[in-house]
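The values are calculated or read from the model by the stated rules, or taken from the named source; none is laboratory data. Owing to the predicted nature of the structure, the values given are computational and were not obtained by experimental measurement. Here the Cβ positions follow ideal geometry from the backbone for every residue, glycine too, while neighbour counts run over all protein chains shown.
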Amino acid sequence: MSWIAGSCVVNDGTQVKVIFLMGPTASGKSGLALRLAERFPLEIVSVDSASVYRDMNIGTAKPSPEVLSAFPHHLVDMVSPEEAYSAARFASDALVAMSEIASRGKVPLLAGGTMLYFRALQEGLDPLPSADPVVRARLDEEAARAGWSALYHRLGSVDPVTAQRLKPGDTQRIQRALEVWEITGKPLSELVGQRSPLNIPVLNVGLMPSDRARLHDLIAQRFDSMLQAGLADELRALRSRYTLNSAMPSMRSVGYRQMWQFLEGELDREEMRYRGIVATRQLAKRQMTWMRSWANLQSLDCWDDSLDRRAEALLGDFLAA
């Protein structure tokens, strides 16, 4: 089997197919993924920016050890909470997992709610370099000495296309454009748009709740269950085991961010609970906004009594085609 520019072909020339199962938090993605894995030759790949972190179990609603034993999930417990994990790294790791799954004659089922990760894998990302603190510090010093107008003028000489679409006061983007130029020797405008999309048949399935109030109730119940299961103790243990701070991506995850503030004495328990539920609702709203603009999405009502039958029919037709 070979993977070339995002395309997977097995030895007999058959192209591998992939299933994306997405939806807002508390819409039942995980449960449906498990039921589909019982019915079809699938292996599950987690698409969750928080479940990649080790020892973050309660606040991520990570599957239990028993479930993970019966249905191994790829891209779970990948990195320490001290590390940053990016969409680009997810896309790379997901391609490896998908290749391994296909080599066993199975179909990758990517299930989760981190929409940026889905997009990074399906559409590709612009090949931009990571931030360089040394370059940024030098640009900051230059701006302090000569002013941002001087840096904007310099950007106009090396990357006029980007400079034309930016305002002179947009210091953050001016700095990023000059940083890209200094690191790569190429203008940002030349690199943007050079994506490598996934060249594999993909079935996009989305769970879209028809009753927003019901979703909000489930979100509140889910957050309360996390509190009862010991989210505070879990975060205390994480802070004891790892060198963490509130600015780290892992600790900015919904639930952990509010619990951190509670443990620091910045919020009382009632306010922490309220903010955690509100933040989760806002996350669900953003997830649904992504889904509404998703191309070729097969949308299913997650409250529909015939959900499993309809999902199985979609997968059956897709895999048989």
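Overview of values
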read-out	value
Criterion (over 29 Å from Asp217 (Cα atoms), β-branched (Val, Ile, Thr) and modelled with pLDDT of 95 or more) met by exactly one of Val47, Val16, Val9, Val79	Val79
Verdict on Lys186 being assigned to a loop (DSSP other than H, G, I, E, B), free of Cβ contacts under 8 Å to residues at least 60 places away in the same chain and out of contact with any helix residue (DSSP H, G or I) (no Cβ under 8 Å at 6 or more places or on another chain)	no
Count of the stretch 270-317 residues which are touching a Gly at 6+ places or on another chain (Cβ under 8 Å) and of a type in the set (Lys, Arg)	0
Filtered residue count, the stretch 81-117, keeping only those that are surrounded by 15 or more Cβ atoms within 10 Å (Cβ to Cβ) and in a loop (DSSP other than H, G, I, E, B)	8
Those residues of the stretch 279-312 which are of a type outside the set (Ser, Thr, Tyr), within 20 Å of the chain's Cα centre (by Cα) and assigned to a helix (DSSP H, G or I), in sequence order	Ala279, Arg281, Gln282, Leu283, Ala284, Lys285, Arg286, Gln287, Met288, Trp290, Met291, Arg292
Matching entry among Asp217, Asp233, Asp224, Asp268 (being surrounded by fewer than 18 Cβ atoms within 10 Å (Cβ to Cβ), at pLDDT 95 or above and closer than 30 Å to Ile19 by Cα)	Asp217
Selection count, the stretch 43-80, where residues are surrounded by fewer than 22 Cβ atoms within 10 Å (Cβ to Cβ) and either among the aromatic types (Phe, Trp, Tyr) or not in a loop (DSSP other than H, G, I, E, B) (or both)	10
Verdict on Leu21 being surrounded by 15 or more Cβ atoms within 10 Å (Cβ to Cβ), in contact with a Phe, Trp or Tyr (Cβ under 9 Å, 6 or more places away or on another chain), touching a residue at least 12 places away in the same chain (Cβ under 8 Å) and under 30 Å from Val278 (Cβ atoms)	no
Filter result for Leu188 (at pLDDT below 95 and surrounded by 15 or more Cβ atoms within 10 Å (Cβ to Cβ))	yes
Any hit, the stretch 75-94, residues being closer than 21 Å to Gly23 by Cβ, among the hydroxyl-bearing types (Ser, Thr, Tyr) and free of Cβ contacts under 8 Å to residues at least 24 places away in the same chain	no
Selection from the stretch 141-153 of residues that are in contact (Cβ under 8 Å) with a residue 12 or more places away in the chain and surrounded by fewer than 15 Cβ atoms within 10 Å (Cβ to Cβ)	Ser149
